[in-house]
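This report refers to the structure that appears directly beneath it.
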Amino acid sequence: MKAFCLIIAYLVAVTFPLILSALVGGPPRQFHQELASGLGILAFSMVLMEFILSGRFKVISNGVGMDVTMRLHQMMARTALVFALLHPFLYQGTPSGGPRPWDPARALTLTTDFSALASGIAAFLLLPTLALLAIGRTQLDFKYETWRLLHGIGALLIAVLLLHHTVSAGRYGSQPVMTWVWLAMTGVAVGSLLSVYLLVPLLQKARPWRVTSVTQLTSEQWELTVKPEGHRGLDYKAGQFVWLNVGHSPFSMKENPFSICSAPASGSEITFMIRELGDFTRTIGQIKPGTVAYLDGPYGNLSVEGRDEPGIALIAGGVGLAPLLSILRQLRLSGDARKVRVLYGNRVVDQVANRDELNAGDVVYVLSEPPEAWPGEKGLIDAALLDRVFSETEFSEWLFVMCGPRGMMDGVEDHLMSRGTPSHRILSERFNYD
């Protein structure tokens, strides 16, 4: 329901300029000309809404999950790109040039003023470049910090260029009421960007954290613990995540999202389980206690708080154990008497973390490359394994919470739905797309 409300709110915001433009009216034109203007208006409003979807607003992301907002961000960015690229070609056959005697307001002709067209041409070239860089970021091997900076600057430049083009060359955008609407919407979009890059870092600077310990869990996984310095800490729910910045200025781009694996009931210190994968994570073992850190969060809706199902299944793949470990620890510390079963999949036995703690409960280990005489499950967390581990009643009544590789979660969700598990009893968040 929350995701549905988000989509409705998005559609209202995106179509508002189009509807208002139709109301301000003007002499009717041929259908292909009106379609061209409509696509241009929609493309611009979608671009502006992209700032909101990617702005880390908790009122949005914590209600439906940041994976939902980011997926919508990606889908709508590509839709806006298609609309923007089609927009100028649909004006073919439309008279161009200065005012005509029969059209003194130039409502039926296209401007040839270079200053008005140049901004549109520049945006026309920059928008597909920005989209392609985002889609191919992994293949191009960009550092995350570099890509994020370029993405932010590029998006800001496109918004400014489109604003100028719309109000100076657009038939509808030049109307005074529409000019003010576009100025207001662009202001909100740019403000959301500035809040992430300026306001949030300023707030973080007043609430620093310090690293208290760095412990190696497995050959490639570490546990990093931070404590608040001069403040009460973070009010979060088990299963949520934060953007973590260690050893850098709060204005630095060097921050990464990590799930919290400690429980809110355990105190003000916060612990993260981090696997060596990228530039930052490969240096985790070199971080010294006392290093300053900054946290932006909490985010995410992977929480069992307020749920009343008779049992909870925690399904983890690799480092996806982190948020589920937070949930498990919170359930134990709060004295929750419900049944909890953990399915924990890895490639090899050396990747299994927190084994002593997990062994205290109902846990099923799964290895895709098990050693000889391995007593646990072999292969992947798939439909066959789920059918062996859970009963018909558990499929229909339990809450299933999962975090791990995209393929694992897609397969598990599909099978749960086929076994009759209601969608509201399946919780997951994804952060790796195409």
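The values are calculated or read from the model by the stated rules, or taken from the named source; none is laboratory data. Keep in mind that what you see is a predicted model, and the values were worked out from it rather than measured. Please note: Cβ atoms are built from the backbone with ideal geometry, for glycine as well, and neighbour counts cover all protein chains shown. Areas reflect the complete protein model, heavy atoms only, side chains present, ligands, DNA and RNA absent. Shrake-Rupley method; radii C 1.70, N 1.55, O 1.52, S 1.80 Å.
Key figures for this structure:
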item	result
Nonlocal Lys pairs with alpha-carbon distance under 14 Å, the chain (8 or more apart, or different chains)	4
Fluctuation leader among 153, 52, 312 - the chain, Gaussian network, Cα springs under 10 angstrom	153
FRET E, pair residue 11, residue 219, Förster distance 60 Å, beta-carbon r, rounded to 0.05	0.80
Prolate/oblate/rounded label for the range 266-389 (Cα gyration tensor, a/c 1.5)	oblate
DSSP bridge pairs, the chain: antiparallel proportion in percent, nearest 5	50 percent
Among 53, 81, 386, residue whose mean-square fluctuation peaks in a GNM of the chain (springs only between Cα atoms under 10 Å)	386
Relative packing of peptides 330-337, 194-201 - highest average C-beta neighbours within 10 Å first	194-201, 330-337
Dipole in debye (nearest 20) - the chain, about Cα centre, beta carbon charges: Lys, Arg +1; Asp, Glu -1	1160 debye
³J(HN,Hα) computed for each position of the range 323-338 - Karplus, 6.51 cos²θ - 1.76 cosθ + 1.60, integer Hz, glycine/proline x	x, 6, 5, 4, 5, 4, 5, 5, 4, 5, 5, 8, x, 5, 8, 5
Those residues of the range 224-256 whose amide nitrogen sits under 20 Å from the label point placed on residue 333, 7 Å along Cα→Cβ	224-244
Gaussian network model of the chain, springs between alpha carbon atoms under 10 Å - residue of 409, 46, 75 with greatest fluctuation	75
Local electrostatic count at residue 262 - Lys and Arg +1, Asp and Glu -1, tallied over other residues with Cβ under 13 Å	+1
Protein accessible area in the range 382-434, 1.4 Å probe - carbon and sulfur %	50 percent
Structure-derived volume of the Cα convex hull per residue in Å³ - corresponding label in (i) 206; (ii) 162; (iii) 145	(ii)
Only Lys, Arg (+1) and Asp, Glu (-1) charged, at Cβ; the range 14-86 dipole about Cα centre in debye	140 debye
Karplus (6.51, -1.76, 1.60) ³J(HN,Hα), θ = phi - 60°, over the range 215-223, in Hz, Gly and Pro reported as x	10, 7, 8, 9, 4, 10, 10, 10, 10
Probe 1.4 Å, protein heavy atoms only - accessible area per residue of the chain in square angstrom	48 Å²
MRE, 222 nm, helices only [DSSP H, n ≥ 4, -39500 (n - 2.57), over the chain, to nearest 500]	-14500 deg cm²/dmol
FRET efficiency, residue 248 to residue 149 (Cβ-Cβ, R0 22 Å, nearest 0.05)	0.95
C-alpha long axis of helix 176-194 to longest principal axis of the chain, angle in °	30 degrees
Distance in nm between pseudo-label sites at residue 139 and residue 292 (7 Å out along the Cβ direction from Cα)	4.1 nm
Whole-Hz couplings from phi, Karplus 6.51/-1.76/1.60, listed for the range 147-163; x for Gly and Pro	4, 4, 5, 5, 5, x, 5, x, 5, 4, 5, 4, 4, 5, 4, 5, 4
Relative contact order (percent, whole number), the chain, Cα cutoff 8 Å, 6+ residue spacing	13 percent
Spacing of the two label points (7 Å from each Cα toward its C-beta) at residue 210 and residue 118, in nm	5.5 nm
